[in-house]
1. Can you go through M269, M248 and tell me which one is surrounded by fewer than 21 Cβ atoms within 10 Å (Cβ to Cβ) and more than 25 Å from R100 (Cα to Cα)?
2. Before we move on, is V316 of a type in the set (A, V, I, L, M), closer than 24 Å to S145 by Cα and touching a Ser or Thr at 6+ places or on another chain (Cβ under 6 Å)?
3. For R111, all conditions in the list (1) buried (at least 18 other Cβ atoms within 10 Å of the Cβ); (2) within 15 Å of the ligand (Cβ to nearest atom) hold save one; what is the number of the exception?
4. If you check A41 against the conditions, is it in contact (Cβ under 8 Å) with a residue 12 or more places away in the chain and within 19 Å of M193 (Cα to Cα)?
5. So P117 fits all but one of (1) within 30 Å of D13 (Cβ to Cβ); (2) within 15 Å of the ligand (Cβ to nearest atom); what number is the exception?
6. Hey, can you tell me all the residues within the stretch 42-62 that are within 16 Å of the ligand (Cβ to nearest atom), of a type in the set (S, T, Y) and outside any loop (DSSP other than H, G, I, E, B)?
7. Quick one: in the stretch 132-160, of everything that is surrounded by fewer than 18 Cβ atoms within 10 Å (Cβ to Cβ) and either in a loop (DSSP other than H, G, I, E, B) or hydrophobic (A, V, I, L, M, F, W, C) (or both), which residue is farthest from the chain's Cα centre (by Cα)?
Amino acid sequence: MRPSPISATVDFDKRGVQHGFLKLPYSRDDSAWGAVMIPVAVISNGKGPTALLTGANHGDEYEGPIALFNLANELDLAAISGRIIVVPAMNYPAFRAATRTSPIDKGNLNRVFPGRPDGTVTEKIADYFQRHLLPLADVVLDIHSGGKTLQFVPFAAAHVLPDKAQQAKCVAAMQAFNAPYGMMLLELDSVGMYDSAAEEMGKIFLSTELGGGGSATAATADIARRGVRNLLIHAGILVGTPDRRPSMDLDMPSADCYIASESAGLLEMRIDLAAAVRKGDIVARVHGYDRTGLAPTDYRAKLDGILTGRHFPGLVQPGDTIAVVAVPVG
Ligand code: ZN
């Protein structure tokens, strides 16, 4: 396969704190010999594992970039054994445009792995992570949030994996992150995900969904900040005492956890995030908006649990996920 067009201005093998870029040549109308400059920090001190920390895999999710821009500025080299690679805004063009996908090629970075060195800008970013950054890492954290169209209770997540020893390490890392909720996440659409790429490489991988709605709150940003530090301590890279708070474990036993709208309309949530539901309860109602006198469509929980995710904007389209119900365990 041809080499990646991306070059790093940092040296991943060098000790110390480096701030630089992943430079991706991008010739365009306003810069014939221009480049996409993706910020990267490398903090490396002696022997130890490597953590690869990313935010804004989707460009409109902000807890990750906030936590990671802070971390890159604040980490004390003397408190570290090993290496931390920080990419606060993985799909940088999407982050700068405040959109989920790239404004350059409409690429959804979390659906194009393993990517292509001769593909679109988004595919070139994926390929660089696939072949250059993931192989360096022992622990991989990708911080997601709901973005402009979803909102979640704040959770860290691991997946059911064929290798149970690997799954146990991922679950331990997810629990170490210590978000208010810890989720065994059943993906709707896992083809081309960064998650799958990291897991198939045998890495300890965890992700999150922290808040949403296209911004971050002080509370959700703080969950990300604490979680990253807790994870680095768990991995043996950062010296310190974890800041642990109460947390609830959640499971998604089947696709029945997802409730999707079958019509366009005005969304009326009947319960809010974190509230308990019983099977058969009305979770949301979609009103036709063309005239009065139309009966709304009720969407009911298909299992007992708590509301962990919802569609954020007030209007829905057919096929939109309007609610996610997960089951407390333990
Ligand atoms: Zn995301």
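1. Selected residue: M248, the only one of M269, M248 that is surrounded by fewer than 21 Cβ atoms within 10 Å (Cβ to Cβ) and more than 25 Å from R100 (Cα to Cα).
2. yes
3. (1)
4. When the stated conditions are applied, A41 does not pass them.
5. Going through the list (1) within 30 Å of D13 (Cβ to Cβ); (2) within 15 Å of the ligand (Cβ to nearest atom), P117 breaks only (2).
6. T54
7. L136
Yes/no matrix, rows are residues, columns are (1) on the phi < 0 side of the Ramachandran plot; (2) at pLDDT below 95; (3) assigned by TED's automatic domain parsing to the domain that holds L71:
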| residue | (1), (2), (3) |
| --- | --- |
| G115 | no, no, yes |
| D118 | yes, no, yes |
| A126 | yes, no, yes |
| L134 | yes, no, yes |
| V139 | yes, no, yes |
| L150 | yes, no, yes |
| A157 | yes, no, yes |
| C170 | yes, no, yes |
| L185 | yes, yes, yes |
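The values are calculated or read from the model by the stated rules, or taken from the named source; none is laboratory data. On a predicted model such as this, the values are computed, not experimentally measured, just so you know. All Cβ positions, even for glycine, are placed from backbone atoms using ideal geometry, and neighbour counts span all protein chains on display.
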